[in-house]
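This report refers to the structure that appears directly beneath it.
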Amino acid sequence: MRFVPGGPAIPDELLESRDSGKVVFFCGAGISRPSGLPTFVELAQQIIDHLGVPQDASSRALMSRILQDPEFAPPLDQIFQRLRQDYGAANIDEAVRELLAVSDGPCPDEHSIVLRLSRGASQQPQVVTTNFDLL
């Protein structure tokens, strides 16, 4: 079955598993890209720039490793942990809120599709996300 013209064909077995509550949709930052929001890597870089983190700071060194060799880079959450240690959790949270601010409006198509597809027979969405945004 196709839910979007030109979209992928969803196997009936997967839809049946979804209906019985055996499927959870996992959505990362890519789901919000069409709305103009950054990826997790881009958000980390924007936070570093927004805070004016010094060039010799350990968080910049971690970011550099991630950008230079993503396959063997440290997890991105280490950058945010380091930034929280250096600048305080409240300052990091505020910077994230500012950078991820979106105007109020209808739910973006990508989010609406995920919500619709993730609803099983109980009509409860089954979605897990790592997103910081409120879309």
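The one condition from (1) surrounded by 15 or more Cβ atoms within 10 Å (Cβ to Cβ); (2) out of contact with any helix residue (DSSP H, G or I) (no Cβ under 8 Å at 6 or more places or on another chain); (3) modelled with pLDDT of 85 or more that A89 does not meet is (1).
Just to check your reading of the model, which residue among V114, V96 is without any contact (Cβ under 8 Å) to a residue 60 or more places away in the chain, open to solvent by less than 60 Å² (accessible area, probe 1.4 Å), under 16 Å from G28 (Cβ atoms) and among the β-branched types (V, I, T)?
Answer to the selection: V96.
If you filter region 117-135 down to residues that are assigned to a loop (DSSP other than H, G, I, E, B) and under 23 Å from I92 (Cβ atoms), you find that the one that is most open to solvent (accessible area, probe 1.4 Å) is L134.
Close contacts from region 68-90, counting a first residue that is within 16 Å of G52 (Cα to Cα) and a second that is open to solvent by 80 Å² or more (accessible area, probe 1.4 Å), with Cβ to Cβ under 9 Å and a gap of 6+ residues or different chains, come to L83/N91; R84/N91.
So that you can scan it fast, the table gives a plain yes or no per residue for (1) among the polar types (S, T, N, Q); (2) under 15 Å from the mean Cα position of the chain (by Cα):
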position	(1), (2)
G7	no, no
S32	yes, yes
P38	no, yes
Q68	yes, no
P75	no, yes
I79	no, no
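Residue under question is A44, and the condition is that it be aliphatic (A, V, I, L, M) and open to solvent by 30 Å² or more (accessible area, probe 1.4 Å); does it hold? Against the criterion (aliphatic (A, V, I, L, M) and open to solvent by 30 Å² or more (accessible area, probe 1.4 Å)), A44 does not qualify. Kindly indicate whether A9 is among the small types (G, A, S) and surrounded by 15 or more Cβ atoms within 10 Å (Cβ to Cβ). So A9 does not fit the description; no.
Listed here are the residues, each with its yes/no results for (1) closer than 26 Å to Q126 by Cβ; (2) modelled with pLDDT of 90 or more; (3) open to solvent by less than 80 Å² (accessible area, probe 1.4 Å); (4) among the polar types (S, T, N, Q).
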residue: G30; (1), (2), (3), (4): yes, no, yes, no
residue: P74; (1), (2), (3), (4): no, no, yes, no
residue: R82; (1), (2), (3), (4): no, yes, no, no
residue: V102; (1), (2), (3), (4): yes, no, yes, no
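Identification of helices (runs of 4 or more DSSP H) wholly contained in region 1-106 with 2 or more residues that are within 23 Å of D133 (Cβ to Cβ) yields 40-51, 58-68, 76-87, 89-99.
The values are calculated or read from the model by the stated rules, or taken from the named source; none is laboratory data. These numbers come from a predicted model, not from an experiment. Note that each Cβ is placed from the backbone with ideal geometry, even for glycine, and that neighbours are counted across all protein chains shown. These area figures cover heavy atoms from the full protein model, side chains too; ligands, DNA and RNA do not enter into them. Shrake-Rupley method; radii C 1.70, N 1.55, O 1.52, S 1.80 Å.
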